[in-house]
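The values are calculated or read from the model by the stated rules, or taken from the named source; none is laboratory data. Bear in mind that the values here come from a model prediction, so they are computed numbers and not experimental data. Cβ placement follows ideal geometry from the backbone for every residue including glycine, while neighbour counts extend to all protein chains displayed.
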Amino acid sequence: METRENKPPPQNLVEEVFLSSSTVQESNREKKRQRSNRRKDSKPIPGCSEEERSTLCQESGQSFSQSNTPVQHQMIHTGERHYKCPECGKRFQTSSNLLQHQRIHTEERPFRCPDCRKGFKQNSHLITHRRIHTGERPYECGECGMSFSQSSNLICHQRIHTMERPYDCEQCGKSFSQRSHLICHQNIHGEERPYKCGECGKGFN
């Protein structure tokens, strides 16, 4: 005879407990998937693995691993610039940007091309320069397939297809696809002829 203490629970109660447990497990799995998706959607930080990025910016959703990086990132939203150049007084959000700027005053060029030994103030400038030696053209036009070594050259080229002319002459209203073309055109209004022939002295613009 079964007593109250050892009487098995009703079948429907067992099923209810089982379903409740399954629901909790499924809910936990869903939360893990959501956290994983948030990590995937966050912008990667160069040099950091996905597992290392643990701190999340509440403004943009970007995640970080180093404790001081989110503080520096928040300055983008607040506009704070704590790092001041002692030479000219210009301010920057990060110490690395200040150090990079100070090379303007010191003429320091720590990044040297291994092919021609030319020096550069920024590593990004060295990377762009090295494409002269390697022939690399990573920026390709989606319209015609023409490729370029610099993204700025691709942007200028694409205006051929879009017919965009963002540079307007304030004197006559004529527009140009490149700033350099506008500068040359403006010499017409100012009668400036900066290019002189070494033989006869005739000036050209």
Condition test on residue 152, is it under 38 Å from the mean Cα position of the chain (by Cα), outside the structural domain of residue 124 (by the TED database) and closer than 26 Å to residue 124 by Cα?
no
Note down all Cβ pairs under 6 Å where the first residue falls in segment 172-185 and is not assigned by the TED database to the domain that holds residue 157, the second is among the aromatic types (Phe, Trp, Tyr) and at pLDDT 90 or above, and they're at least six residues apart or on different chains.
176/167; 179/167; 182/167; 182/176
Hey, could you check segment 158-205 for residues that are over 38 Å from the mean Cα position of the chain (by Cα) and of a type in the set (Gly, Ala, Ser) and say which is surrounded by the most Cβ atoms within 10 Å (Cβ to Cβ)?
203
If you go through segment 116-149, how many residues are in contact with a strand residue (DSSP E or B) (Cβ under 8 Å, 6 or more places away or on another chain), over 30 Å from residue 102 (Cα atoms) and either among the polar types (S, T, N, Q) or surrounded by fewer than 11 Cβ atoms within 10 Å (Cβ to Cβ) (or both)?
1
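Please work out which residue is modelled with the lowest pLDDT, limiting yourself to segment 54-111 and to residues that are of a type in the set (Asp, Glu) and more than 18 Å from the chain's Cα centre (by Cα).
Per the criteria, the residue is 80.
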Within the set of pairs 6 or more residues apart or between chains, which connect a residue that is more than 20 Å from residue 135 (Cα to Cα) inside segment 91-118 to a residue that is modelled with pLDDT under 85 and assigned to a loop (DSSP other than H, G, I, E, B) with Cβ atoms less than 8 Å apart?
91/81; 91/82; 92/81; 93/80; 93/81; 93/82
Test: residue 104 is under 22 Å from residue 180 (Cβ atoms) and surrounded by 12 or more Cβ atoms within 10 Å (Cβ to Cβ)
no
